[in-house]
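Scroll down for the structure; my scribbles are underneath it.
The values are calculated or read from the model by the stated rules, or taken from the named source; none is laboratory data. Please read these numbers as outputs of a predicted model, since none were measured by experiment. Because the Cβ atoms are built from the backbone with ideal geometry, glycine has one as well, and the counts that use them run over all protein chains shown. For accessibility, only protein heavy atoms count, side chains too; no ligands or nucleic acids. Shrake-Rupley method; radii C 1.70, N 1.55, O 1.52, S 1.80 Å.
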Amino acid sequence: MELRTLRYFVAVAEELHFGRAAARLHMSQPPLSRAIKQLETELGAVLFDRSSAGVTLTAVGAVLLDEARELLERADRIRVRVAAAAGAATLTVGILGDSADPSTIRLADAYRRRHPRVEVRIRETDLTDPTCGLHAGLVDIALTRRPFNETGLRVRELRADPVGALLRTDDPLARRDRLALADLADRRWFVFPQGTDPVWQSYWHGGESRQGPVVRAVQECRQAVLWNGTVGITVLDHEPAEGLTVVPLTDMPPSSLVVAWNESAMSPLIRSFVEIATATCRA
């Protein structure tokens, strides 16, 4: 039984769809199906029930999933410890906006406990590059927010956060319980510099072309509102600075917190980061 085949099995078991699992593994579906069939033959048991309704795990498959995950995790730890002993275990993490966010601190603590000998290098980036340097090859993995240009990247959503309008506390709109984008149509917004990812800009500008002071960092967004009375969009749960208020926006989709990495660069350290980030956010 090869580790590679177990990884195939885990992908199918988690996706419960051979096509999606094949895409996740960057392979075509026929060799994946053959590998699973060969594994079932080797074990002498059916791992998946296949029907027109879809794919489900059998009781045997559920047992193997627990064992396979544990075995693969141990294999990854072995690789990481050997790399650390050789002085080669480093991971460069791009973080968008604020590495002092509580969820980021929890993730850092959990990753440190799992990989105490890995050197983690942090590249905190401003709001002009939502991939935190992934496209430029400057980081191994990014903790960031959708939407952005995902060409060549794999993205795992961690949670979806509602957003609101960031306003001065003395703004008449700040007394409202909720707002719609139309309520902000005649206002000046903080905007991002030319050349910023257009997909990213469109979301944070409410799908419209806006005018106002140019900002690059989270603190600059807050100061633009505080000093100029402009408006903008922010995550609802982010604690606003003194003098600022966040009012829920009813017609904006949530902002997804995600981890992203290059399709061709999955490694044990990156895989572990994704797993820990997912578990941390679920907790």
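With the condition being at pLDDT 90 or above, open to solvent by 40 Å² or more (accessible area, probe 1.4 Å) and charged (D, E, K, R), I'd like the strands (runs of 3 or more DSSP E) fully within region 1-107 carrying at least 1 qualifying residues. Explain how you work it out, then say what you get.
Working: elements: 48-51, 54-57, 90-96.
So the answer is 48-51.
Restricting to region 156-167, give me the number of residues that are in contact with a Lys or Arg (Cβ under 9 Å, 6 or more places away or on another chain), buried (at least 18 other Cβ atoms within 10 Å of the Cβ) and within 23 Å of Thr131 (Cα to Cα).
The total comes to 2.
Give the residues of region 241-264 that are of a type in the set (A, V, I, L, M, F, W, C) and more than 16 Å from the chain's Cα centre (by Cα), sorted by residue number.
Restricting attention to region 241-264, the residues satisfying the condition of being of a type in the set (A, V, I, L, M, F, W, C) are 241, 244, 246-247, 249, 252, 257-261.
Scanning region 241-264 gives Ala241, Leu244, Val246, Val247, Leu249, Met252.
Can you spot a residue in region 236-255 that is in contact with a His (Cβ under 8 Å, 6 or more places away or on another chain), closer than 20 Å to Arg146 by Cα and either of a type in the set (D, E, K, R) or open to solvent by 40 Å² or more (accessible area, probe 1.4 Å) (or both)?
no
Contact list please: Cβ distance under 6 Å, first residue in region 130-150 and under 15 Å from Gly195 (Cα atoms), second residue basic (Lys, Arg), pairs at least six apart or on different chains.
Gly133/Arg123
Each row is one residue, and each column tells you yes or no for (1) in contact (Cβ under 8 Å) with a residue 40 or more places away in the chain; (2) within 30 Å of Arg77 (Cα to Cα); (3) of a type in the set (A, V, I, L, M).
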{"position": "Arg188", "(1), (2), (3)": "yes, no, no"}
{"position": "Gly229", "(1), (2), (3)": "yes, no, no"}
{"position": "Gly232", "(1), (2), (3)": "yes, no, no"}
{"position": "Pro240", "(1), (2), (3)": "yes, no, no"}
{"position": "Val246", "(1), (2), (3)": "yes, no, yes"}
{"position": "Val258", "(1), (2), (3)": "yes, yes, yes"}
{"position": "Ala279", "(1), (2), (3)": "yes, yes, yes"}
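Give me a count of the residues in region 168-192 that are crowded, with 19+ Cβ neighbours inside 10 Å and within 27 Å of the chain's Cα centre (by Cα).
Of the residues in that region, 4 qualify.
What number of residues within region 161-186 satisfy the criterion of being closer than 14 Å to Asn228 by Cβ and at pLDDT below 95?
Of the residues in region 161-186, the ones closer than 14 Å to Asn228 by Cβ are 166-168, 170-171.
Subsequent filtering for residues that are at pLDDT below 95 retains none.
Final tally of qualifying residues: 0.
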